[in-house]
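Q: First the structure, then my questions, so here it is.
The values are calculated or read from the model by the stated rules, or taken from the named source; none is laboratory data. Just so you know, these numbers come straight off a predicted model, no measurement behind them. Here Cβ is always computed from backbone atoms with ideal geometry, including for glycine, and neighbour counts include all displayed protein chains. All accessible areas refer to the heavy atoms of the entire protein, side chains included, with ligands and DNA or RNA removed. Shrake-Rupley method; radii C 1.70, N 1.55, O 1.52, S 1.80 Å.
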Amino acid sequence: MPTAVLMLSGLGLLWGCGTTGPSFQVRDDPWRTPEERACLASGVVRQTAFVRARSALGGPSVCGAVEPFEMSAADNGRVAFNPPAALRCPMIPQLDRWVKEVVEPAARYQFRQELVGIKVLASYSCRPMNNVEGAMISEHAYANAVDIGGFTLADGTTISVQRGWNGSRAEQDFLRVVHDGSCAYFTTVLGPNYNSLHSNHFHLDLAHHGRDGLMHICK
């Protein structure tokens, strides 16, 4: 469990994740726990063969979630996540809808075949943004983010974000449709055009932005 080591004026606390990673700054985000509990109470996320409750990730204090889940597939098992993603409740229906309503149709249109897999580069991780010492805590630390590195089609073809972003015309079109379509489902979407740190993945999260928490960042 992280231990507070320093108070930073106007920013919150500087926390260290033991010896496993750099320290990070934490703000008080009063929306997090009520939002997660409301999702849990709504019953929108139910345990299935593809969505299972898992043990606490270090929360509900600094890192982790109130009741985290492991999501191994979307669209009732049709699209596998490799590896499974550790996520908080609100992320799960959004990911499922995104796969069904954006990614699968884009794969059918561009490649004339079904999507069967999605490469997960990161989900839960108790760390600062971009693993930078002293930076603000990442949404990954709350299981509120996922990094997507690639997609697998029914014939075994893989479309990686890193290679495909400037790859064939079909790969470029597919990845841009997926990236742009993500912005309707997640409040933060960052891809290769954002910076070099995102050259190999799409970062998707449900952070609150702006005074009302409703602003979207799509880059």
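Q: For the range 80-134, which trypsin sites (Lys or Arg not before Pro) are in a loop by DSSP, counting at most 11 other Cβ atoms within 10 Å?
A: Details: sites: R88, R97, K100, R108, R112, K119; in loops: R88, R112.
Here the sparse-neighbourhood loop sites are R112.
Q: How large is the helix-only mean residue ellipticity at 222 nm for the chain, computed as the sum of -39500 (n - 2.57) over DSSP H runs with n ≥ 4, divided by its residue count, in deg cm²/dmol to the nearest 500?
A: On the way: 5 runs with 45 residues, N = 219.
That comes out to -6000 deg cm²/dmol.
Q: Report the extension gain between K219 and S196 in nm, rounded to one decimal, defined as 0.36 nm multiplied by the number of residues separating them, less their alpha carbon distance. Before the final figure, lay out each step's value.
A: Numbers: separation 23, 0.36 × 23 = 8.28 nm, distance 1.24 nm.
Residue separation times 0.36 nm, minus the Cα-Cα distance, leaves 7.0 nm.
Q: Residues of the range 193-214 with backbone nitrogen within less than 12 Å of a virtual label 7 Å along the Cα-to-Cβ line of Q162, please, listed as ranges.
A: 197-201
Q: For the chain, with every protein chain kept in place, what is the accessible area per residue (1.4 Å probe, Å²)? Working shown, then result.
A: Working: 10510 Å² over 219 residues.
It amounts to 48 Å² per residue over the chain.
Q: What residues have an amide H closer than 5 Å to that of A122, excluding those fewer than 5 places away on the same chain, when H is modeled at 1.01 Å from N in the peptide plane?
A: Amide H neighbours of A122, under 5 Å, 5+ apart: D147.
Q: Also, quick follow-up: Just one of (1) 17.4, 55; (2) 16.3, 54; (3) 16.9, 49 is Rg and Dmax of the Cα atoms in Å as worked out from the coordinates here. Which one is it?
A: Checked against the structure: label (1).
Q: Another question, then. Using a 1.4 Å probe on the protein heavy atoms, what percent of the accessible area of the chain belongs to carbon and sulfur?
A: Values: 5480 of 10510 Å².
Here it works out to 52 percent.
Q: Taking all protein chains together and a probe of 1.4 Å, list V44, V178 from the most accessible to the least accessible. List each step's numbers first, then the result.
A: On the way: V44 85, V178 0 Å².
Largest accessible area first, the residues go V44, V178.
Q: Within the chain, which is the longest segment that contains none of the GluC sites (Glu not before Pro) sitting in a DSSP loop with at most 15 other Cβ atoms within 10 Å?
A: Details: sites that count: E114, E133.
Of all site-free stretches, the longest is 1-113.
Q: State the extension gain, in nm to one decimal, for the chain segment bounded by R78 and A49, taking 0.36 nm per residue of separation less the distance between their alpha-carbons.
A: Values: separation 29, 0.36 × 29 = 10.44 nm, distance 1.18 nm.
9.3 nm is the gain from fully extending R78 to A49.
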